[in-house]
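Worksheet: one structure, shown below.
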Amino acid sequence: MKKFYSVRMRASKDGMHISGAEGIYDKNHVSDIVQKYTGRALSHEKGRSDEISLIIEELKKRPLKISTLPLCTLNTRSPESVKKASVKILRSIGITERAVEEAFKSLSLGITMRGAMLMDIEGVRLEPDLLRGVRVTRMGITENADSILSKKLSRLDLNNNTVKEALILASKVNRHPMILGELCISDDPDYTTGYIAGRAFGYIRLPHIKRRGLSYGGRAFFITGGELKGLIEYLQQTPVIISRINNCRGKVNTEEILRKKK
Ligand code: PML
C-alpha cells in the first residue's frame, strides 16, 4: 500500500507566530515539501522566523478523498453589511441570529485562540478547552487537484496560499454531518476578507469583514446533535485530502446565494 505522510510546519520569531503550513504527501514528495515549507518560513513577509517546528508523520489510515466546497465572493463593503448578510445566510440553515452575533462578538474580543470555537445553534460554546479551541489538522490536496484549483483561482485573481489553505480547511470541516456552518475572520491585521461556509451554500468569501489594522480573528464552527468526541477526533485526526475541485465564481449577492442554496 502507498504510504502517505502528514507534513506540518509552524514558524515563529521572538515567540510570535509567523507562518504555518500543512499537507498530505506521498513518501517521494516529503523531502521537497520540507524544503518548500522551510523556505517559506525563512523568507516570510512578516519577517525571518527564528524557530521552525516540523512534524512529519506517517498516516496509519488512508486519507478520505473529498471535493472542495464551491467558492464565491459576496459583494460586501463594510463590517456591518458582512454581519447582516452572514446572519441572513446562516439563519437560512437553522443557525440562530443570536449564535451568529455571539460568534462575531467572541471572535472580535482580541484573544486569538489557536483553534476554533464550537458553538451550538443558540450560540452556547461547547469546546472542552475554551482557551485553546479545537485545531483542525491532517488535511491536504492532491497535485492534480491543486493545479486545477490554481487555474480556477487565477481567473479570479485569488491564486494564493491564504485562499487555498482556508478553502481546504473549510472543505474538511464542513464535510462532517455535525457541522452546520462556519465563520472565519483572519487574525492577520492586513487581511480584511473572511468567510462563512456550509454544505448548503459553499465557501462564501466576505470582503471587509473587519477594518484594517485589527489583529483579532479566528474560527467558529456551528454544530448540531451527535457526539462531540467523535467530531473532535474527525477534525484533529482523520486525514482528508482534496481530490476534486468544485466551481469557483466571482462576485455574487446575498439573494443569489439564498436562491441557489441546496
Ligand atoms: C479568503 O480570502 O478566502 C481567505 C479568508 C480567510 C483567511 C484566514 C487566514 O488568515 O488564514
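Only the coordinates and a few stated rules stand behind these numbers; no lab work does. Note that this is a predicted model, so its numbers are computed, not measured. Cβ atoms come from the backbone with ideal geometry, glycine included; neighbour counts cover every protein chain shown.
For the reader, a short list of remarks on this structure follows.
- 3J(HN,Hα) along the range 123-129, derived from phi through the Karplus expression 6.51 cos²θ - 1.76 cosθ + 1.60 where θ = phi - 60°, amounts to x, 7, 6, 10, 5, x, 10 Hz, with x in place of Gly and Pro.
- The trypsin sites (Lys or Arg not before Pro) of the range 87-138 meeting both criteria, a DSSP state outside H, G, I, E and B (loop) and at most 15 other C-beta atoms within 10 angstrom of the site's C-beta, are ARG114, ARG132, ARG135.
- Cα long-axis angle, helix 30-42 against the chain (0 to 90 degrees, to the nearest 10): 60
- Cα gyration tensor category, rounded, prolate or oblate, for the chain with a/c compared to 1.5: rounded
- Signed unit charges on C-beta, dipole axis of the range 29-101, positive-most listed residue ALA85, SER49, ILE33: ALA85
- Total charge dipole magnitude, the range 1-112, about the Cα centre, Cβ charges on Lys, Arg, Asp, Glu only, Debye to nearest 20: 440
- Selection from GLY202, ILE232, SER108, by position along the positive dipole direction of the chain (Cβ): GLY202
- With at most 14 neighbouring Cβ atoms within 10 Å, loop GluC sites (Glu not before Pro) (DSSP) excluded, longest segment of the chain: 123-226
- Long pairs among LYS60/LYS152; LYS65/LYS164; LYS65/LYS105; LYS61/LYS152; LYS172/LYS210; LYS65/LYS88, criterion Cα-Cα beyond 27 Å: LYS60/LYS152; LYS65/LYS105; LYS61/LYS152; LYS65/LYS88
- Distance between the modelled labels on MET16 and ARG199, one decimal in nanometres: 4.1 nm (7 Å Cα→Cβ projection).
- Residue with peak Gaussian network fluctuation, the chain [Cα springs, cutoff 10 Å], from ALA200, ALA41, ALA170: ALA41
- Beta bridges per DSSP, both residues in the chain: antiparallel share near 65 percent.
- Amide H to amide H, with H built 1.01 Å from N, HIS44 comes under 5 Å of SER49, counting only residues 5 or more places away or on other chains.
- Among beta bridges that DSSP assigns inside the range 113-247, antiparallel share in %, nearest 5: 70
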